[in-house]
Each structure stands twice: as structure tokens, then as C-alpha cells.
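Below is one structure, written out as C-alpha cells; comments come after it.
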Amino acid sequence: MNPLKVDRIIKNYGDKRAVNGLSFEVAAGEIYGLLGANGAGKTTTMRMILGLILPDEGDIRYLGNSYSEQQLSMLGYLPEERGMYPKIKVSEQIMYLAQLRGMSRKDADKNLKLWLEKFQVPEYYNKKVEELSKGNQQKIQFIAAVIHKPKILILDEAFSGLDPVNVELLKTTVKELRDGGTSIVFSTHRMEHVEELCRNITILHKSNPVLQGPIKEIKKKFPQERVIVTADGKIEGLDKIPGVRQVTLHEHGGYELKVDSPAVGQSILKHVLDQGPVNRFEVLEPTLNEIFIKTVGESHE
Amino acid sequence: MNNSLWTVMSFTMRNKLRSKGFIIMTVVLALLLVVVGNLPYLIEKLSGGSGGATKVGYAEGQQTQVVEGLKSHYAKLPEPGVELVGIASEEQLKSALENGDIKGYLTFQEDAVAGFPKVTYNSKSAFEGGTSSSLTAALQQVKYDTVLDGAGLTDAQKAQLHAPVSFQTQKVSFTNEEGKTEEEQGVAIALTYVMIIMLFMAVMITGQLIATEITAEKSSRVMEIIVTSVSPLKQMWGKILGTFLVAMIQIVILVGALVANLSLPHNSDILKNFGFDLSSIDPLLLISAIFFYLAGFFLYATLFAAIGSIVSRTEDLGQAVMPITMLTLVGFYIAIFGLNQPDSTLMVVCQYIPFFSPFIMFLRIGVAEPAWWEIALSIGILIASILAIGWLSAKIYRVGVLMYGKRPSMKEIVKAMKAYKV
């Protein structure tokens, strides 16, 4: 049985429908990507999973159970808007939040020390949050979300505002949690993170789930229509080849072509080889970024 | 899961008790109350301690009959408040006052119609209440004597004339066997007055504190994590109870400081002279003080919590709590004005209005004699409205904590309540 099962949930705010018939399941040890433009219904969905608001229709199951206060202790949440008590010591507030999730003070203290050790910041134990940099506050916030070893973890924009080193650190940690069997709902605007971490995704557009499934399958649905080619010299006449829609010259050499079908790639290769040696030739599958923009962006006014 | 209620409570208390602002405020207030507690002694020391009579000058040779009369009047008193000092001439009076030899001086002006001179007391300050009233009484006596001298009355008759009318008011009580005497009444009024002020301040300060804390949690966005860890209702009550206990601790410290100092021997003796005995306070009054403090606190605290929950930024809080502040102020002022007319219709009506009744009912118990059913009805309404308002506030709180941006209107809150199904 999957730890988290969302079944055809619908939520209306007045006469506006915020989430329309969304269903998905998250297995143990899986990171599920919840994508969508701003205002698409991601936060509402997460709030429903967290039990802050009840869906109008449909239901959400946690290890097969419906929502109750007992489920709170197995949920972890990292909200998009970060916040902690600025004037209270790190140890004090993490322990408070852990206790609210049903941990004993002693266990919370032990776990906190382990986590601080892991993030290589044990000296923050007695510091006030306002004394920390933004990135470090975020680490503390992350600890607050996971300290009670939740079975279901909801990460809303987990890596925003972090420097690349810290992004790597948190990404590794998230992967470790996944490998430890946590079900993670992951929302972000950074598609490369989704591609790296998520097995299945849902793209929400104006409250509706428009694209759903494993990333691999989704990508197969979208034609490979990008070709990269690099040669020593200049390549002439690429835009004359039938089936090529657009040619972009990259800053550091190489051309990126938009084509009608993957087959056009072969005629491009032939055309380029006629002009000299080729350093690189690749027919690329579409990136999630492109898929996202295509799904969500094209219908934008 | 009552654990989490306790967790919120203890967290709230720990942080409040540790905060510098709280400690400093408590210490300062306690010191202030220590001074207030010693005030009776200090006043006694400063005024009575100067060792007797105020020196009042007069120009020798003027109105000798009146001056002699005054002198003999003061000579008869066991503790004369005024000592008459003769100064050679009228011109020297002013310089004597300037030098500080005398506190003031008398000048006379013939008044043929009254048959007694007009007397003016000249002093550095126009507010010489004690001295001038003593002089007025003395002069009245002298005038009586002057006039009566020619009427051929016996000394006994004179003494009868001089004796003041004996007049006392006594409040009729229907519950106790004895009515309260005027002195007891005075003590009750003073005590009620002090307690109403304390009630008002406690409600306002703790209420504001609760609202500020909740808004601060909301604006720092900790709220989002907290409401996903513990039910908003428990969080709200944890916060209210935690702040309440902190307020109790503070009140105990402050009242303790005041009472301890007032009951020190040197203070309590003086207070007893005024007919003010701490041990004579009606225990019923204390019990009702505690009850109405609790009732007032919870009534307003839940309201403050609800308001705090719908405001996103601390800056907007002052404006948002304005209506409640007004409500408490109205209740407070009705109570203060009602001290003199505890039985007026306004008071009788207001004792049933939940937002005012903590003040008004308490006041009426203190200085009037409301019937038991009046008290019961008032308390019943109060408790019912605490429950109703607590329930409503919890609902508002539930949706309020998740609403960010501009302060939502009543309509938006109702809409959100429907949407959130709370």
C-alpha cells in the first residue's frame, strides 16, 4: 500500500475551482514532482495533504487511513515561505516543533545534534535564528521539517535561494531520505531538479492536472525535435534543409536546431559532413523545461 | 494529544519569562509598587513630620480682637495646625513671607455689613487647602463668639451651638446582618476602583500580548509549520493559557510587592488610622475579583487571538485591535463613572452585557448590593458568551492563520470558513 494516495480531490474557493480532480500516489522511497505555474493549485494541494483544508470531494489516504490528528506526526512540511522564530535559539525552537510532532525532548535533542553535525554546523545549536545567514536558516528549517522522521515529506521549493554548494548538500540529503523509504512530494520551478530527483510528476495548469505519469513516458510523448551540431568551421545553409524550423548559433560555437521530426536529424548530419569533420552531433530528447513551457506556457495569454 | 497543548503552553511561558522586556517591566513595576506601598508612611513623614503648626503672620495692632480670638481658639486645640506670629508692620509681612519666616499672612478689611472683617490669607501658593480650611473654621468660631458675646448665652448653650451635627450614612444590606458603615463603604469603593484599574490593565496588556505573539508568528511564517503540527485550536488555547499563567505570575509578584509593603507595621498603622484595614476586605469581593478577572481575561483573550490571527503584519495590528480596545475602554469608563451611582439604570443594564459585565458586575458587588439572581444571570450570560466567543474566535483563528496579504474583511472570513469547512 502506498503511503500517500490522493484520489480525485476537488477544492473550490467560492465559485473558483482551485484544484480539479487531482489523483496521484506516492510510493515509499519515491519523490513525486508536483509542478505548475504560480497559482496553478500546488499550494492548495499541499495544504489539503497536510490536512489544513479539507477537499470538497475525493479523499486523501495516509497508509490507507483517512486524515486525523494522529497522522500529523508522520507528516513533514517545508513551506515555500520560510520562517522561524527570529529571537529564539535554534535548539529551543527545533525541539519545540519536534515535540509538537510528538517527539520526546530527549530524542529531539539527539536528532538535532545529529543533523547539525551532518550539515557541519554544530555551533548553531545555541545561536538565535536571526544571527544566521539566509542559507543557514534554510538548513535549520529543513531540519525542522525532517527531525521527527516523517513518513511523508512535503517540500515546497526546497532549494530556492541556496547557493550551489548547499543545493547539492540538500539534494543529497533528500536522496538519502528517499532511499530511507520516505515518500516525498516535491514542488519546484527548477525543472532540472525534477528531472534529477522525481520518478513521477503531475503538471497542474489552471487547477487541472494536464500531464501526469513517469517522466520517461512523458518525454516519449513529446517528439525529439532538437538537434545539436558542432563543427570546427562555420556551417552554411542549415536553415535551408527541409524540416528545419529554427537555427540558433550558441555563444561558444555549435548550432541548436529545432526540427519537425527526429528523421530530419539524418539529413542535417549528411549536410554537415559534406562541409567537413563534425565534433558533435546529437538528437536530444525534450527537456522537462520545454515540456513544461509547452504544456503550460503555450496556452498562456 | 493533550501533550501538544502543554507543549505550546510551556514554550509560550518559557519564552515570555525569559524575555528581557518582561523581566525589566516586572522589576520596574514591582519597584514602583514598593514605592506606592510605602506611600502612606512617606506622606505622613513628609507632611505631618515637619513638626507642627504652619506659621501664619499678622500685622500687630490690626484687628486685635479677631487675632486674639484666633489665638485662644488654637490654644485650646490639642494639635494646633496654625501658629500665629506677630509681625511689626504690614509692610514687613511680605518680606517675612519671602524670607520663609512665615508660610503666609493674614490681612483684614473692614466690612460694616457683615459686622466682621473680610480676611485674606496670603501665601506663596494658592492651594493651601489644609491651612485655609483650618483658618476658615477658626474664624467662623471667632465670629460666633464675637456675636454671641452680646446675646447673653450661657457657656453650655454656646457649646451646644458649636457642636457639629452628627450625621452618618449607612448602606442597608439584605444579605449580611450588618450594613456596611461609611468607612467600610469607602474602603470598598477604593478597593473596587483599584481592582477595576488592575482588571482593565491586565486584560489589555495580556490581550495585546497574545495578539502580538500570534501576528508575529504569522508574519515570520512559523505559523505554517506550527498549524501543520498541531491543531490550530490547541495552539490558540496553548498560547492563551501560557500567556495567562505568565500574567498570573506577574500579578502575583506585583500584588505581593504591594500588599507586603502595605502590611509592614509602619504603613498598616497609618492605614488603620484612615479606617483602612487590609484584613477587613470582604472575602467575597476578592473571590469575585478573581472570577471576573478570569472571565474578562478569557473573553477578551480569545477575541485578541482571533484578531491577531487575521492580521499578517505586526504594523497593522494596532489598527485591527482598535474595536476591542474601544470596547474595553467603554466598559472601563462606565465602571469608573458608575462608582458613584452603582444603582443607576445604566449600570443595571450594563451588568448583563458580556463585554462590560466583568467590570460592572464586579463594581456592583463591591459597592452596591445586587440581588443574587442578578449576579447569577450576569455570570450565566458571561460564561455563555465566553464559550460562544471562544468558539467563534477559534473558527476565525483556524482560517485567519492561513490568510496572508491584506487584512481580510468579515465577508472574506466567512467565505474562507465555508471553503475550509470549519
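The values are calculated or read from the model by the stated rules, or taken from the named source; none is laboratory data. Just so you know, these numbers come straight off a predicted model, no measurement behind them. Neighbour counts run over all protein chains shown; Cβ positions are idealised from the backbone, glycine included. Accessible surface areas use protein heavy atoms only, side chains included; no ligands, DNA or RNA. Shrake-Rupley method; radii C 1.70, N 1.55, O 1.52, S 1.80 Å.
Go through (1) open to solvent by 20 Å² or more (accessible area, probe 1.4 Å); (2) at pLDDT 90 or above; (3) under 23 Å from B:SER231 (Cα atoms) and name the single condition A:ALA28 misses. Result: A:ALA28 passes all but (3).
If you check A:HIS193, A:HIS189 for being within 21 Å of A:LEU288 (Cα to Cα), in a loop (DSSP other than H, G, I, E, B) and away from every other protein chain (no Cβ under 14 Å), only one passes: A:HIS189. Screening the candidates B:GLY242, B:GLY275, B:GLY238 for the property of being outside any helix (DSSP H, G or I) and either at pLDDT below 85 or within 13 Å of chain A (Cβ to nearest Cβ) (or both) yields one hit, B:GLY275.
One residue stands out in region A:1-53 among those that are more than 17 Å from A:ASP156 (Cα to Cα) and among the polar types (S, T, N, Q): the one that is nearest to the chain's Cα centre (by Cα), namely A:SER23. For region A:270-291, the condition holds for no residue, the condition being that it is of a type in the set (Ser, Thr, Tyr), surrounded by 11 or more Cβ atoms within 10 Å (Cβ to Cβ) and out of contact with any helix residue (DSSP H, G or I) (no Cβ under 7 Å at 6 or more places or on another chain). If you check B:MET204, B:MET195 for being assigned to a helix (DSSP H, G or I), farther than 13 Å from A:TYR85 by Cβ and open to solvent by 30 Å² or more (accessible area, probe 1.4 Å), only one passes: B:MET195. Taking the conditions (1) open to solvent by 20 Å² or more (accessible area, probe 1.4 Å); (2) out of contact with any strand residue (DSSP E or B) (no Cβ under 8 Å at 6 or more places or on another chain); (3) facing chain B (nearest Cβ under 10 Å); (4) touching a residue at least 24 places away in the same chain (Cβ under 8 Å) in turn, A:ARG47 satisfies each one other than (4).
One line per residue, one yes/no per condition, for (1) in a helix (DSSP H, G or I); (2) open to solvent by less than 60 Å² (accessible area, probe 1.4 Å); (3) charged (D, E, K, R); (4) touching a residue at least 12 places away in the same chain (Cβ under 8 Å):
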position	(1), (2), (3), (4)
B:ASP316	yes, yes, yes, yes
B:ALA320	yes, yes, no, yes
B:ILE334	yes, yes, no, yes
B:GLN341	no, no, no, no
B:ARG398	yes, yes, yes, yes
B:LYS411	yes, no, yes, no
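Within region A:69-88, track down each residue that is over 19 Å from B:LEU402 (Cβ atoms) and more than 10 Å from every other protein chain (Cβ to nearest Cβ). Across region A:69-88, the qualifying residue is only A:MET74. The set of residues in region B:376-422 that are at pLDDT 90 or above and within 13 Å of chain A (Cβ to nearest Cβ) is empty. Taking the criterion of being open to solvent by 60 Å² or more (accessible area, probe 1.4 Å) and at negative phi, the residues of region A:56-65 that qualify are A:GLU57, A:ARG61, A:ASN65. Do you know which of the residues in region A:138-166 that are touching a residue at least 60 places away in the same chain (Cβ under 8 Å) and polar (S, T, N, Q) is farthest from the other protein chains (Cβ to nearest Cβ)? Filtering first and then ranking leaves A:SER160. Residue check: is A:GLN120 buried (at least 18 other Cβ atoms within 10 Å of the Cβ) and either assigned to a helix (DSSP H, G or I) or at pLDDT below 90 (or both)? For A:GLN120, the condition - buried (at least 18 other Cβ atoms within 10 Å of the Cβ) and either assigned to a helix (DSSP H, G or I) or at pLDDT below 90 (or both) - is not met. When restricted to residues that are open to solvent by less than 40 Å² (accessible area, probe 1.4 Å) and either in contact (Cβ under 8 Å) with a residue 60 or more places away in the chain or within 44 Å of the chain's Cα centre (by Cα) (or both), region B:88-115 contains 9. The set of residues from region B:1-27 being in a helix (DSSP H, G or I), within 9 Å of chain A (Cβ to nearest Cβ) and at pLDDT below 85 comprises B:ASN3, B:SER4.
Residue by residue, here is whether (1) under 30 Å from A:LEU34 (Cα atoms); (2) touching a Cys at 6+ places or on another chain (Cβ under 8 Å); (3) outside any helix (DSSP H, G or I) holds:
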| site | (1), (2), (3) |
| --- | --- |
| A:LYS216 | yes, no, no |
| A:GLN246 | no, no, yes |
| A:GLY253 | no, no, yes |
| A:GLY265 | no, no, no |
| A:ILE293 | yes, no, no |
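Taken together, the residues in region A:210-266 that are among the acidic types (Asp, Glu) and either in contact with a strand residue (DSSP E or B) (Cβ under 8 Å, 6 or more places away or on another chain) or buried (at least 17 other Cβ atoms within 10 Å of the Cβ) (or both) amount to 5. For region A:76-101, the tally of residues that are surrounded by 20 or more Cβ atoms within 10 Å (Cβ to Cβ) and farther than 21 Å from A:ASP156 by Cα stands at 5. Out of A:ALA37, A:ALA98, one residue alone is among the small types (Gly, Ala, Ser), away from chain B (no Cβ under 12 Å) and either in contact with a strand residue (DSSP E or B) (Cβ under 8 Å, 6 or more places away or on another chain) or under 24 Å from A:GLY135 (Cβ atoms) (or both). It is A:ALA37.
A:GLY21: outside any loop (DSSP other than H, G, I, E, B), more than 14 Å from chain B (Cβ to nearest Cβ) and either closer than 30 Å to A:GLU123 by Cα or in contact (Cβ under 8 Å) with a residue 60 or more places away in the chain (or both), yes or no?
It is true that A:GLY21 is outside any loop (DSSP other than H, G, I, E, B), more than 14 Å from chain B (Cβ to nearest Cβ) and either closer than 30 Å to A:GLU123 by Cα or in contact (Cβ under 8 Å) with a residue 60 or more places away in the chain (or both).
Looking across region A:67-85 at every residue that is at pLDDT below 85 and assigned to a loop (DSSP other than H, G, I, E, B), the one that is farthest from A:VAL6 (Cα to Cα) is identified as A:GLY83. Scanning for something within 14 Å of another protein chain (Cβ to nearest Cβ) and within 15 Å of B:THR12 (Cα to Cα), does region B:246-262 turn up at least one residue? Scanning region B:246-262 turns up no residue that is within 14 Å of another protein chain (Cβ to nearest Cβ) and within 15 Å of B:THR12 (Cα to Cα).
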